[in-house]
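Values quoted throughout were computed directly from the atomic coordinates according to the rules given, and no laboratory measurement underlies them. Predicted model, so just to flag it, every value in this text is computed and none were measured. Glycine also receives a Cβ, built like all others from the backbone with ideal geometry; neighbour counts cover every protein chain displayed.
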Amino acid sequence: MIKFIVDEKPAENGINKIHNATAGCENLPKLSDQILIGYFANYELAYKRARMNWPREKVEACEKCCDV
């Protein structure tokens, strides 16, 4: 299973990035700004959970660590 987190602080465009924390992404936010989404087999499942948890927030994959 892969650990996915979302950056608590949105980027300038207002989008919160989802990261694959297991891959050790170079763009991971500092630990205090990470919110655990959960452990999933792939990004699509993590994205679905993030949308369920934060339906009004804009979330999308980090281009460097999530296979979309």
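A few comments on the model shown:
- Applying both filters, DSSP loop and at most 10 other Cβ atoms within 10 Å, to the trypsin sites (Lys or Arg not before Pro) of the chain gives 30, 56.
- GluC sites (Glu not before Pro) restricted to the chain and DSSP loop, no more than 12 other C-beta within 10 Å: 8, 12, 26, 63
- Sequence-distant aspartates and glutamates (8 or more away, or on other chains) whose Cα lies within less than 18 Å of residue 3: 26, 33, 44, 60, 63, 67
- Computed over region 2-61: relative contact order in percent, which uses C-alpha pairs under 8 Å that are six or more apart: 41 percent
- Cα-based Rg / Dmax (Å) for region 2-61: 10.4, 29
- Couplings 3J(HN,Hα) for region 14-31, derived from phi with the Karplus relation 6.51 cos²θ - 1.76 cosθ + 1.60 (θ = phi - 60°), are x, 9, 8, 8, 9, 10, 8, 6, 5, 6, x, 4, 6, 9, 4, x, 4, 3 Hz, where x marks Gly and Pro.
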